[in-house]
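In what follows, a single structure is set out as structure tokens and then discussed.
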Amino acid sequence: MTSRHLVARTLTYATAGLLTIFIGFPLFWMIISSLKPGSELFVRPPRLLPNELTLVSYQHILASSDTIALFRNSLIVAVATTAICLAMSTLAAYSVTRFQFPGKRLFLFGGLLSYLFPAVVLFIPVYMIVSALGLTDTLLGLILCHCILTFPFALWMLNSFFSNIPREIDEAAWVDGASFMYTFVVIILPLALPGIFSVAVFVFVLSWNEFLFASVMISSSELKTIPLGIAEFITSFDIRWGEIMAIGTLATVPVVVLFLSVQRYFLRGVMAGAVKG
């Protein structure tokens, strides 16, 4: 190994280590803070490790029946949003990469334009649509909002993935008598699984963490999601940091489990979607 290669490898590992610390330290601090007693949360100077560990914060939030409802509602909304969004975006991305039809460019441009706008700009028209359908203060209405927010992103991500699959594969299947839908489901979808799993992770996390639409669409206590539940620990007179850190730690568990489950597909999907052609 030459000195140049050694220096390059050292810089690579050093950069990776610094990024790991930069990204991982907030998670570490959240977990440690959730295990600290209340008296040690605001000591000066701050202590990296507490003198004692306690599960009091976890006991408080798990003793409440609202916590189970928060996780159940968030899981229902995130899973349903991911399933619906993937079903629509895979069909849409396959269509725009394989077929020519009137309005194709306008459809793609509209998806890109809606993705460029922040969610707060789309809030009023989306709320009016959901209200007209009579779906305010329902999980179905919130799922619809999240699908509207995540579909443009999923469409453009999957558009890159499907573009990397040679069209000759479809044509060979069509020559052999396969229908368009059979070709899509049996042949193309398995080839696009890395990209689909990567998009699924992003969509799930976006829906799991979404606060703006949930805070306005949902008013019933039994339908609130985790971000709304965390906000309730902040009042005019007190901020229960221990409980916030504890429920925040628990809220990261489903995301970590999902990522570990599709990790081998996720990295391949992200790399494949980064290069078109």
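The values are calculated or read from the model by the stated rules, or taken from the named source; none is laboratory data. Please read these numbers as outputs of a predicted model, since none were measured by experiment. Here the Cβ is made from the backbone with ideal geometry for all residues, glycine too, and neighbour counts use every protein chain on show.
Yes or no: the range 85-102 includes at least one residue that is within 29 Å of Cys145 (Cα to Cα), in contact with a His (Cβ under 9 Å, 6 or more places away or on another chain) and at pLDDT 85 or above. Yes, because at least one residue in the range 85-102 is within 29 Å of Cys145 (Cα to Cα), in contact with a His (Cβ under 9 Å, 6 or more places away or on another chain) and at pLDDT 85 or above. Restricting attention to the range 132-173 and to residues that are more than 24 Å from Asn209 (Cβ to Cβ) and either hydrophobic (A, V, I, L, M, F, W, C) or modelled with pLDDT of 90 or more (or both), the residue that is surrounded by the fewest Cβ atoms within 10 Å (Cβ to Cβ) turns out to be Ala132. For the range 50-64, the criterion of being acidic (Asp, Glu) and either part of a helix (DSSP H, G or I) or touching a residue at least 24 places away in the same chain (Cβ under 8 Å) (or both) is satisfied by no residue at all.
Every residue, every condition in (1) assigned to a loop (DSSP other than H, G, I, E, B); (2) modelled with pLDDT of 85 or more; (3) assigned by TED's automatic domain parsing to the domain that holds Thr252, yes or no:
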| residue | (1), (2), (3) |
| --- | --- |
| Arg4 | no, no, no |
| Val7 | no, no, no |
| Thr15 | no, yes, no |
| Phe42 | yes, no, no |
| Pro46 | yes, no, no |
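Check the range 181-200 and report whether any residue there is without any contact (Cβ under 8 Å) to a residue 60 or more places away in the chain, out of contact with any strand residue (DSSP E or B) (no Cβ under 8 Å at 6 or more places or on another chain) and among the small types (Gly, Ala, Ser). For the range 181-200, residues without any contact (Cβ under 8 Å) to a residue 60 or more places away in the chain, out of contact with any strand residue (DSSP E or B) (no Cβ under 8 Å at 6 or more places or on another chain) and among the small types (Gly, Ala, Ser): absent. Check every one of the helices (runs of 4 or more DSSP H) wholly within the range 87-185 and list those with 1 or more residues that are in contact with a helix residue (DSSP H, G or I) (Cβ under 8 Å, 6 or more places away or on another chain), on the phi > 0 side of the Ramachandran plot and assigned by TED's automatic domain parsing to the domain that holds Ser207. In the range 87-185, there are no helices (runs of 4 or more DSSP H) which contain 1 or more residues that are in contact with a helix residue (DSSP H, G or I) (Cβ under 8 Å, 6 or more places away or on another chain), on the phi > 0 side of the Ramachandran plot and assigned by TED's automatic domain parsing to the domain that holds Ser207. Of the listed requirements (1) in a helix (DSSP H, G or I); (2) hydrophobic (A, V, I, L, M, F, W, C); (3) without any contact (Cβ under 8 Å) to a residue 12 or more places away in the chain, Phe237 misses just one: (1). Here Ser34, Ser64 are screened, and the one residue that is over 30 Å from Met157 (Cα atoms), loosely packed, with under 15 Cβ neighbours inside 10 Å and among the polar types (S, T, N, Q) is Ser64.
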